[in-house]
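Below is one structure, written out as structure tokens; the observations come after it.
Nothing in this text is a laboratory measurement; each read-out follows from the coordinates by a stated rule. Predicted model, so just to flag it, every value in this text is computed and none were measured. Using ideal geometry, Cβ is built from the backbone for each residue, glycine included, and neighbour counts are taken over all protein chains shown.
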Amino acid sequence: MDRKQHVSCLVGGGIEGDQAKSLLGMEWQANALAPKIQMPYPAFRREARRLIQAQQKTSPHAPLIDLLPSVIEQLAERFQVSKQAAKIRLLETKCPEARGVLEYIDGCYVRPYAFAPGALGRNQTFTVSAGELAHLYEESEELRALLQSGEYTVAESHVWLDIRSMIVNCILHTTSPC
């Protein structure tokens, strides 16, 4: 165009049928492609490694999980993306420790956490909002029983296995395997 004309579009309704599916597919592709253009894998991975090494020199005894929030924030700034986009890209560069970092729930970030590799599937989480936990508590007899048993407790948007309770139960019931 000759840059003299302005084009705008206002959609007042939805699109039906196969055309809607096609547009959703294109939108999905655009959303999947944009971060890869903004954060090319080799450059992103190189920068992530550099930042992690710099953080480790500054805090040599700190666990990686405690260094990652700062690394993700710096990556987001460097590549001009959101922290969430930088975190997702970091996960794609084979840094599974980033999974429990910068989890935003109930209006704040929860402390970084880690878990055993393979403990969660791709779209699963350990983090749950208070409202969702209340809903799950009402809907799930199994969850309600676990929480009422005292073996699990809720803290910082997570349901935790209460090790102290298990130790007490093992001491009281010596026939239980620990």
| task | Taking 7 Å along the Cα-to-C-beta vector as the label spot, tell me the Thr93-Ile105 distance in nanometres, rounded to one decimal. | result | 2.7
| Mind checking the dipole of region 32-109: about its Cα centre, +1 per Lys or Arg Cβ, -1 per Asp or Glu Cβ, Debye to the nearest 20? | 440
| Which of rounded, prolate, oblate describes region 42-140, given a ≥ b ≥ c as roots of the alpha-carbon gyration tensor eigenvalues and a/c under 1.5 marking rounded, otherwise prolate only if a/b is larger than b/c? | prolate
| task | Taking the dipole about the Cα centre of region 32-109, with the C-beta of Lys and Arg at +1 and of Asp and Glu at -1, give me whichever of Pro40, Val81, Gly100 is farthest to the positive side. | result | Pro40
| remark: Once both label points are put 7 Å beyond Cα along the C-beta direction, the Leu24-Ala130 separation in nm becomes 3.5
